[in-house]
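Please read the structure below before turning to the comments.
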Amino acid sequence: MWPRIDGLRTLDLGTPGDLWERLNALVLSGKKQASAGLLEADYRADREQPEAVGERLVLIGSDGERIGEVCVRSVEIVPFRSVSI
């Protein structure tokens, strides 16, 4: 099970440190509005369901602190070769 804060799943982007902080800054500025994961490796292996439209996620910093919240507006499950840019 993925970590939760106040009952909401957390969203961590990249690896802790500079990359994570840069990606978070892009989310908070509105420039980053999408992400992707692997259904088998990221979700089913951890016994998690993909995000659902309307679900809120807690955006966390590389130290694990809450820095914001995002709301899922769209979900697409497609074969890897069909992922759009």
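Just so you know, all these numbers are worked out from the coordinates, no wet-lab data involved. Given the structure is predicted, the values throughout are model-derived calculations rather than measurements. Every residue, glycine as well, gets a Cβ built from its backbone with ideal geometry; the counts of neighbours run over all protein chains shown.
Can you name the number of the only condition in (1) in a loop (DSSP other than H, G, I, E, B); (2) out of contact with any helix residue (DSSP H, G or I) (no Cβ under 7 Å at 6 or more places or on another chain) that residue 24 fails?
With respect to (1) in a loop (DSSP other than H, G, I, E, B); (2) out of contact with any helix residue (DSSP H, G or I) (no Cβ under 7 Å at 6 or more places or on another chain), residue 24 is out only on (1).
Quick one: is residue 2 outside any loop (DSSP other than H, G, I, E, B), among the aromatic types (Phe, Trp, Tyr), touching a residue at least 24 places away in the same chain (Cβ under 8 Å) and on the phi < 0 side of the Ramachandran plot?
Judged against the criteria, residue 2 is not a match.
Restricting to the stretch 1-38, count the residues that are touching a strand residue (DSSP E or B) at 6+ places or on another chain (Cβ under 8 Å), loosely packed, with under 12 Cβ neighbours inside 10 Å and among the acidic types (Asp, Glu).
Count: 1.
What tally of residues in the stretch 45-72 results from selecting those that are exposed (fewer than 11 other Cβ atoms within 10 Å of the Cβ) and more than 19 Å from residue 15 (Cβ to Cβ)?
So the answer is 6.
Just to be sure, is residue 76 exposed (fewer than 13 other Cβ atoms within 10 Å of the Cβ), under 23 Å from residue 22 (Cβ atoms) and without any contact (Cβ under 8 Å) to a residue 24 or more places away in the chain?
Here the answer is no, as residue 76 does not meet what is asked.
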